[in-house]
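J.: Dropping a structure here in structure tokens format, bear with me for questions.
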Amino acid sequence: MKVLLATDCSQQAAAAAEFLHSLKFTEPMSLTIITALGDPYGSSPESTQHWFPELLRQERARAETHQADLAKRLRERCTRIDTICRPGHPVKVVLGEAKDLDCDLIVIGARGHSFFGRLLIGSVSDSIATHAKCSVLVVRPPDEADSKRDADSAHVNRILIGYDSSKASREAVEEILALDWDAQTEVELLSVAPIYDYLLGNGLSTAAIANEEEIFKEMKQGGDQMKDRLIDKLPHTKSVIIHDQRVGDAIADLAEKSDSDLVVVGDSGHSLLDDFLLGSTTKYVLRHAPCSVWISRHHRTNSGQDTGATDTGATDTGATNVEAVSNEASE
């Protein structure tokens, strides 16, 4: 699996790397650690020509030290680690490299763990989660208790997957399953059956009630079938179905109650607008979930390619392979 870890040398970025390390799957990772060094956008060339080259050198040195620390921490999980430091706007740099490297997953830190921190995940994280063509893991910085728990090697990952039998949710499950998780991993498949009474101000008709019951039955059957698909490899899998008017609320609430480490949602898109907008449920979960969120776009990228394949080709000329120690000087 090709993974792009975006870092700005912050505590949130370090937490994202630590969370990636804590996920107990065995699928080999070909990892690229990338830092955008910034760009004097908004300023004229005349006003930046004296100070920006020196600032760039300082930032590059700081970023390279930070990247080396992350690479050391993640080396045991990866078949290959490359590092990239490049001037430019963070969103453009990260999305451009993800496209060029044909990445399966972008990992990036969010802003905070508090209620307001969840709502303000950060403009860079939000933009990357919205515009990326591949899957994105947005890591919520852990509080002190969660940090100690994640550092415990005996800690069992708890994963909550939003599931509605759609192509996006089916492929999200397949993407997670393909990573070959530890058999002790706990998985909840959550299906949210709609409630129609808030749409019908004058009461429910017999036909509407029957339709609601039929949908509930079909969703439960779909969840149970997917549970059976997972249970051989992940025996601690259960299917949960609830009635709720708001799917995003239901997912975030169950993640809180279950003390989930990770919420997985499929970003189902149907038009060109999906390149600019996240689906309403996905966006809600991203902002309100108490834990990290994996936005799966496996259904968009899975066009005959195996996303579990590792990177065996050449990397970008701006990359440094810290395993082979091919360290080329950059201007």
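The values are calculated or read from the model by the stated rules, or taken from the named source; none is laboratory data. Predicted model only: the values in this text are computed from it and were never measured. FYI the Cβ positions are ideal-geometry reconstructions off the backbone, even for glycines, and counts take in every protein chain you see.
J.: Tally the residues that are acidic (Asp, Glu) and part of a strand (DSSP E or B), restricting the search to region 180-196.
T.: Qualifying residue count, region 180-196: 2.
J.: If you scan region 230-267, which residues turn out to be in a helix (DSSP H, G or I) and basic (Lys, Arg)?
T.: Of everything in region 230-267, just one residue is in a helix (DSSP H, G or I) and basic (Lys, Arg), namely 257.
J.: Then there's this: If you check 227, 220, which single one turns out to be in contact (Cβ under 8 Å) with a residue 12 or more places away in the chain, in a helix (DSSP H, G or I) and within 10 Å of residue 188 (Cβ to Cβ)?
T.: When all the criteria are applied, what remains is 227.
J.: Another one. Can you say whether residue 319 is within 20 Å of residue 20 (Cβ to Cβ), surrounded by 15 or more Cβ atoms within 10 Å (Cβ to Cβ), at pLDDT below 60 and touching a strand residue (DSSP E or B) at 6+ places or on another chain (Cβ under 7 Å), as far as the supplied structure shows?
T.: yes
J.: In region 86-131, what count of residues is obtained for those that are within 14 Å of the chain's Cα centre (by Cα), at pLDDT 95 or above and part of a loop (DSSP other than H, G, I, E, B)?
T.: Residues flagged as within 14 Å of the chain's Cα centre (by Cα), at pLDDT 95 or above and part of a loop (DSSP other than H, G, I, E, B) within region 86-131 amount to 2.
J.: Still on this structure: Return the pair list, or none, for Cβ contacts closer than 6 Å from residues in region 163-175 that are of a type in the set (A, V, I, L, M) to residues that are assigned to a loop (DSSP other than H, G, I, E, B), at least 6 apart or on different chains.
T.: Every condition considered, the pairs that remain are 168/268.
J.: Being more than 21 Å from residue 290 (Cβ to Cβ) and of a type in the set (Val, Ile, Thr) is the filter; apply it to region 211-264 and report the residue that is surrounded by the most Cβ atoms within 10 Å (Cβ to Cβ).
T.: 237
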